[in-house]
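The values are calculated or read from the model by the stated rules, or taken from the named source; none is laboratory data. Keep in mind that what you see is a predicted model, and the values were worked out from it rather than measured. Here the Cβ positions follow ideal geometry from the backbone for every residue, glycine too, while neighbour counts run over all protein chains shown.
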Amino acid sequence: MRIRTVALLLTLFGMFVVLSLIYAQNAPEASEKGKEVYENSCAHCHGTEGRGDGAAAENLLPKPRDFTRGLYKIRSTETGELPTDQDLFDIITEGMPGSSMPGWETALSANDRWEVVAYIKTFYDGFKEAETPPKQINLSGKVPYSEQSVETGKALYTELGCIECHGNIGRGDGTSAPDLTDEWGFQSWPANLTQGWNFRGGADTEDIFKRFIGGLAGSAMPAFEGDSFPGFGLTAEESSRMIELDNKDEMTEVEEEESAQLYEKYDAAVDIALNLAEGTELSAEEKQIYDDAMKVVYEKSWHLANYVKSLMPEKRPEPAIGNNVLRSQYIQGELPEMDNTAWETLEARYFPLVGQIVIEPRQFNPTIDAVNVKSYYNDTEVAFLFMWDDRTHTTDETDDETGKTLEDALAVQFPVKVPQGPTAPKPYFLWGGRLPVYLWHWKASAPEQVTELTAKGINNAEVQEAQGELQVQGTYTDGQYKLWVKRALKTDDKKDLQLDPGVFVPIAFSAWDGANGDVDTKRVMTSWYTFVLEPVPSSKRFIYPPLIALLSVGFLFGLRAFVQRRNSEEA
Amino acid sequence: MKSYLLASLTVLLACCYIGTAFAADSDAGEMEMLVFPEKYKAMAVSNGGTISGVVKFEGDMPEKKALEITKDEKVCGADEKFDESLVVGEGNALKNTIVYLIDISAGKDFDKDAKVEIDQKGCKFTPHIQIVPVGERLTMLNSDKIMHNVHIFSKINKPVNKAQPKARRKMPLKAVQKAEGPVEVKCDVHGWMSAWISYVPHPYFAVTNEKGEFMLEDVPAGEYKLGYWHEACGTNSKAPVVVTVEAGGTITQDFTLKLK
């Protein structure tokens, strides 16, 4: 009996050891420190198991990365390769603009960030199993930025099909844009290439080049690797000739022969590239063919990167505060219509938009970056030009969840009465409260119309009985809305804002992207900014200053004469 | 002493139970996959047998779901396109079912002359189901002369997402070395395009035609597990049919599948 008990105990102990070993195998090898930092700083979004399913994930788009698949968008490595440790470190340090991922440079020490890198790698076995370091994209041979390079890149942008998702001039409004999803089935908007400050992995030409060649793993963005290029292995001239022949309805015998020869060369080069990728040793001759082919491909890719770079301003515009407040410029005579070139001479003011997260339903994932505004006024009227990028033109979609009609829209908000002085209270920025606001509400379904509203709260807006004489024009072209509104400076309606030159007027915006589910309080917006009808320098400046100068000089002469006379009398 | 023993036994049993629960969990994802032999040896097969049959669909005749063509109408919308995840023909014949041998370890080699291609024509992948031998290149054709991208959602092999611009007519893809499948192929540019490929280590795979028919030829005599996979109806990997093939003989094995 005793022996049996001991035997049983030993068996149980044996089972326990085996089980512990089985479970121990799944334990991360990275340090406890990495786990601790990860669980304190990263797990809220990325989940304790690294599946991208932390508590906050539900409300985020783009979704936090699921680390268990080894798919990383921002890499310095070729397509299909894992990122380098440095890539992961850089993303943690700098964050991902345009997404919810913040930079951790100040919040975590460099050491902690490296620990986190080691820890997140434990979520995907591929890192451990990899026998060779990931193949990095070759950045040598950069083609410097030039007009010529941009021109070449522009042609490639069309030829390679970038337009399909990124749109004619890069605003992310291509015809495939609304239907794109990522590897996990979530909506995935193509980048607006005119807004480099929202690029997840940076907008240097090198960054663009890397994204283009390596693709963004896990997203819809494919890699344009080597033999993706039509005419791989041909010179630039040969490949354009090949495409030219391809596009002919009928070829002569000679042309057919020529085309066949080009294709033969092309197929041979592709074969070499695949052999290399599959691990076959290349002969010296094949290596030469491959290197030459890649040189052409890389050169084209640099041209393309230069073109994309040309689409964006050098840096993000400064918000319209301080020296940048919106100043309506005075002109004499008629105010320019929407398509008048007079608008081009004005620099737009930039009003960044953020998601409305105060009142439900909220918008955590804005798709509209900002509204840009210009303005002119004359003795009786003021005209505004509002411009904002939106990847989709939505006028009557139905929201699956609420059944509400979704459409693109913009609201411009002013106080009904301008606060007297800088410390006087403004109405609550969310469509007013105790102090009411005066609104222009424009909808994409009625582009030639603006509705005037008075509001005392975000859910407490009333259409004004007397709709003023607003003139309106609205258009949508290549991913951008333009709205032109003209109104009299003074109106008879007491619920309207009355405008005087030189008075600083609070102004704020709300915008809706129907395709992003924006409706009612779910929207993007600004808080209060300022605009002013820039006062006209008065013509009296030609009379008073010289007069004062003259009087001053006269006074001085008089004084001198007086002093001289008294001195001589004393003498 | 006894109660202590009992308690530790209970705890251990609980541990084991939890352990099996985990094991079952990790299996769940793989249930929909094909099952491959660990090793396969290619050899000459003489006087092999044949397995043939018909796969039928059981259930209400599904309605044809027309695909919404949202762009490139001229090329993509020339004819009406239908969702191919469930294609049921006359007499309930179920197209696009993979029927295969699960546990064959030696048999014939692949037909080296067979073309392993998927065409992108009219913004549709043809065929919808393609079998790709491990180590062979899958060639993507672009008959459309418009931009496509080949997005292969592999998990065991490296996923592929490669642009195929309009002038890129015939794009062979790098061969993969691990058996895996089926994995979906999509085109992000035209979101409705969908196909399935399977990277397989042996040639005993058949895909049913419009009449639901399949045929596996040159099977060495022996007993085999016969499996199937269908996009909408699932697999029988957990309980495959066992068949006995006789030298030179032909056996018939039909299947009737329901929606999973």
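Answer yes if at least one residue in the range A:121-142 is within 27 Å of A:T367 (Cα to Cα), among the hydroxyl-bearing types (S, T, Y) and outside the structural domain of A:S219 (by TED's automatic domain parsing), and no otherwise.
Checked against the condition, which is being within 27 Å of A:T367 (Cα to Cα), among the hydroxyl-bearing types (S, T, Y) and outside the structural domain of A:S219 (by TED's automatic domain parsing), the range A:121-142 yields no hits at all.
Say we look at the range B:147-172 and pick out the residues that are assigned to a loop (DSSP other than H, G, I, E, B) and more than 8 Å from chain A (Cβ to nearest Cβ); which of these is farthest from B:C123 (Cα to Cα)?
In the first step, residues of the range B:147-172 are kept if they are assigned to a loop (DSSP other than H, G, I, E, B); the result is B:147, B:153-159, B:165-169.
Applying the additional criterion that residues be more than 8 Å from chain A (Cβ to nearest Cβ) yields B:154, B:156-157.
Values: B:S154: 22, B:I156: 27, B:N157: 26 Å.
Only one residue fits best here, namely B:I156.
Between a residue in the range A:328-346 that is without any contact (Cβ under 8 Å) to a residue 60 or more places away in the chain and within 11 Å of A:L385 (Cα to Cα) and any residue that is hydroxyl-bearing (S, T, Y) and assigned to a loop (DSSP other than H, G, I, E, B), which pairs come within a Cβ distance under 9 Å, given they are 6 or more apart or on different chains?
none
With respect to the numbered conditions (1) among the aliphatic types (A, V, I, L, M); (2) within 21 Å of B:K155 (Cα to Cα); (3) at pLDDT below 95, which one is the sole condition not fulfilled by A:L61?
The number of the failed condition is (2).
Kindly list the number of the only condition in (1) within 11 Å of chain A (Cβ to nearest Cβ); (2) among the basic types (K, R); (3) in contact with an Asp or Glu (Cβ under 7 Å, 6 or more places away or on another chain) that fails for B:K225.
Evaluating B:K225 over (1) within 11 Å of chain A (Cβ to nearest Cβ); (2) among the basic types (K, R); (3) in contact with an Asp or Glu (Cβ under 7 Å, 6 or more places away or on another chain) leaves (1) as the failure.
Could you please find all residues in the range A:343-379 being among the hydroxyl-bearing types (S, T, Y) and more than 23 Å from the chain's Cα centre (by Cα)?
A:T345, A:S375, A:Y376, A:Y377
Determine which single condition B:G181 fails, assuming it passes every other condition in (1) within 14 Å of chain A (Cβ to nearest Cβ); (2) modelled with pLDDT under 95.
Every listed condition holds for B:G181 apart from (1).
What number of residues in the range A:228-239 are assigned to a helix (DSSP H, G or I) and at the interface with another protein chain (Cβ under 7 Å from one of its Cβ atoms)?
Step one: of the range A:228-239, the residues assigned to a helix (DSSP H, G or I) are A:228, A:236-239.
Narrowing the set further to residues that are at the interface with another protein chain (Cβ under 7 Å from one of its Cβ atoms) leaves A:228.
Residues in the range A:228-239 being assigned to a helix (DSSP H, G or I) and at the interface with another protein chain (Cβ under 7 Å from one of its Cβ atoms): 1 in total.
Of the residues in the range B:155-165, how many are surrounded by fewer than 20 Cβ atoms within 10 Å (Cβ to Cβ) and under 19 Å from B:D119 (Cα atoms)?
Looking only at that region, the number is 0.
Would it be correct to say that A:A260 is in contact (Cβ under 8 Å) with a residue 12 or more places away in the chain, more than 9 Å from chain B (Cβ to nearest Cβ), closer than 24 Å to B:H148 by Cα and assigned to a helix (DSSP H, G or I)? Walk me through it before giving the result.
On the way: in contact (Cβ under 8 Å) with a residue 12 or more places away in the chain: no; more than 9 Å from chain B (Cβ to nearest Cβ): yes; closer than 24 Å to B:H148 by Cα: yes; assigned to a helix (DSSP H, G or I): yes.
So A:A260 does not fit the description; no.
Can you give me the ranges of the strands (runs of 3 or more DSSP E) entirely in the range A:373-466 with at least 1 residues that are touching a Ser or Thr at 6+ places or on another chain (Cβ under 7 Å) and of a type outside the set (F, W, Y)? Break it down stepwise before answering.
On the way: elements: A:381-389, A:409-415, A:437-443, A:450-455, A:461-463.
Answer list for the range A:373-466: A:381-389, A:409-415, A:437-443, A:461-463.
Looking at A:A446, is it in the same structural domain as A:A515 (by TED's automatic domain parsing) and surrounded by fewer than 19 Cβ atoms within 10 Å (Cβ to Cβ)? Reasoning before the result, please.
Numbers: in the same structural domain as A:A515 (by TED's automatic domain parsing): yes; surrounded by fewer than 19 Cβ atoms within 10 Å (Cβ to Cβ): yes.
Answer is yes for this residue.
Looking at B:E68, B:E63, B:E58, which one is out of contact with any strand residue (DSSP E or B) (no Cβ under 9 Å at 6 or more places or on another chain), among the charged types (D, E, K, R) and either surrounded by 17 or more Cβ atoms within 10 Å (Cβ to Cβ) or touching a residue at least 60 places away in the same chain (Cβ under 8 Å) (or both)? Spell out the reasoning first.
Values: B:E63 fails: either surrounded by 17 or more Cβ atoms within 10 Å (Cβ to Cβ) or touching a residue at least 60 places away in the same chain (Cβ under 8 Å) (or both); B:E58 fails: out of contact with any strand residue (DSSP E or B) (no Cβ under 9 Å at 6 or more places or on another chain).
B:E68 is the lone residue from the list that is out of contact with any strand residue (DSSP E or B) (no Cβ under 9 Å at 6 or more places or on another chain), among the charged types (D, E, K, R) and either surrounded by 17 or more Cβ atoms within 10 Å (Cβ to Cβ) or touching a residue at least 60 places away in the same chain (Cβ under 8 Å) (or both).
Mind checking whether some residue in the range A:507-516 is farther than 24 Å from A:K417 by Cα, outside any loop (DSSP other than H, G, I, E, B) and of a type in the set (A, V, I, L, M, F, W, C)? Before the answer, list the steps.
First pass over the range A:507-516, keeping only residues farther than 24 Å from A:K417 by Cα: A:512-516.
Then keep just the ones that are outside any loop (DSSP other than H, G, I, E, B); that gives A:512, A:514-516.
Within this subset, residues satisfying the condition of being of a type in the set (A, V, I, L, M, F, W, C) are A:512, A:515.
Yes; the residues of the range A:507-516 include at least one that is farther than 24 Å from A:K417 by Cα, outside any loop (DSSP other than H, G, I, E, B) and of a type in the set (A, V, I, L, M, F, W, C).
Inside the range A:266-289, can you point out the residues that are out of contact with any Phe, Trp or Tyr (no Cβ under 8 Å at 6 or more places or on another chain) and within 14 Å of chain B (Cβ to nearest Cβ)? Before the answer, list the steps.
To start, the set of residues in the range A:266-289 that are out of contact with any Phe, Trp or Tyr (no Cβ under 8 Å at 6 or more places or on another chain) comprises A:267-268, A:271, A:274-275, A:277-281, A:283-289.
Correct list: A:D267, A:A268, A:D271, A:L274, A:N275, A:A277, A:E278, A:G279, A:T280.
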